[in-house]
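The values are calculated or read from the model by the stated rules, or taken from the named source; none is laboratory data. Worth saying up front: this structure is predicted, and the values here are computed from it rather than measured. Using ideal geometry, Cβ is built from the backbone for each residue, glycine included, and neighbour counts are taken over all protein chains shown. Heavy atoms of the whole protein, side chains included, go into the accessibility calculation; ligands, DNA and RNA do not. Shrake-Rupley method; radii C 1.70, N 1.55, O 1.52, S 1.80 Å.
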Amino acid sequence: MKPSPPAAPIRDIDPVSLRLFLAALEEGSLARAAARENIVPSAVSKRMSEMEDAFGVPLLERGVKGVQPTPAGDALATHVRRVLQDMDRMHRDMAGFATGVRGHIRLAVSFAALSGDLPAQIQSFRRAYPQIDISLEEDTTQAAFRAVLEGQADVAAGSDFGHDGLQVYPCGHCELAAVVPGQHLLADRETLDYAQLLPFEQIELNRDNGISSVFDQAARNAGMTRRISARVSSHETICLLVARGMGVAVVPHYLKPRLAHLDIRFIPLRGPWSSTPLCIAVRDPQALSPAARALLAHLGVLPAAPT
């Protein structure tokens, strides 16, 4: 028996074959995949057979009604999609070098991170790099950092705590204030220590926000326990409930002008709990796209690329 020629090494499978494989799965037919990719059906069939020879397992079940993936084909499809996405990203990044930086940045930010200069910096970046799109999603600091760790965001901005597995760069502070009802016992104070709020019920965000753990520690340092009367979805709702006498709270100080219509007092905090440091977080600075590196350079946390 004449020996079969050796199969092509798996590393030699080219992107065209991978795209044809996905097209065959999505169309359910080699003929329709060929029409979609503008290639003759016999060439598609040949490439599928070569891939099966290279991997040593059947990838497609062929029948009169078309093709279906085998279990191995299903598993391969997951890898192929990821490989093709990475290749598309590679081509976009390289095009950025050839024609000027361009691309898409997924930016996850906490509410606190939006309290300072970041919105203006993002706008100035957009003006400087009109070919770069930014998708901005606001969430808690932990959720923003988790999005970067899980690959759902490229860059996060939030309070500087709870960032295991990320590289962080300092980028300012969010000034905090106690907010109390207009007729509260503390309403006439010019500044407050956080411990002075502990005798009163407090209102805070109901999402996983790192500042909550900070104030739990502050309460333990003072030998007291925080009493939480309500957990709600936004700082604006916190202030509305404070105005209705449901408790006191700590919120970013910059909200004061926006909520001047409510009967509440914003009182700056003093001491170690007067502000929370902010940071920019990424998973791997070396793996950032040129677009993301340009943003971090614009924010002043990475050096600008040489010209």
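For this structure, a couple of remarks:
- Flag for Leu22 being at pLDDT 90 or above, crowded, with 18+ Cβ neighbours inside 10 Å and under 30 Å from Gly151 (Cα atoms): no
- Contact map, the stretch 55-71: first residue under 15 Å from Leu20 (Cβ atoms) and assigned by the TED database to the domain that holds Leu22, second residue part of a strand (DSSP E or B) and β-branched (Val, Ile, Thr), Cβ cut-off under 6 Å, separation 6 or more or different chains; pairs are Leu60/Val67.
- Count of residues meeting criterion [open to solvent by less than 60 Å² (accessible area, probe 1.4 Å), modelled with pLDDT of 90 or more and in a loop (DSSP other than H, G, I, E, B)] in the stretch 120-166: 3
Every residue, every condition in (1) at positive phi; (2) touching a residue at least 40 places away in the same chain (Cβ under 8 Å); (3) surrounded by fewer than 15 Cβ atoms within 10 Å (Cβ to Cβ); (4) within 34 Å of the chain's Cα centre (by Cα), yes or no:
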{"position": "Pro199", "(1), (2), (3), (4)": "no, no, yes, no"}
{"position": "Leu205", "(1), (2), (3), (4)": "no, yes, no, yes"}
{"position": "Ala218", "(1), (2), (3), (4)": "no, yes, no, yes"}
{"position": "Val232", "(1), (2), (3), (4)": "no, no, no, yes"}
{"position": "Val242", "(1), (2), (3), (4)": "no, yes, no, yes"}
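- Per the conditions (1) in contact (Cβ under 8 Å) with a residue 40 or more places away in the chain; (2) of a type outside the set (Gly, Ala, Ser); (3) open to solvent by 70 Å² or more (accessible area, probe 1.4 Å), the sole criterion not satisfied by His261 is (1).
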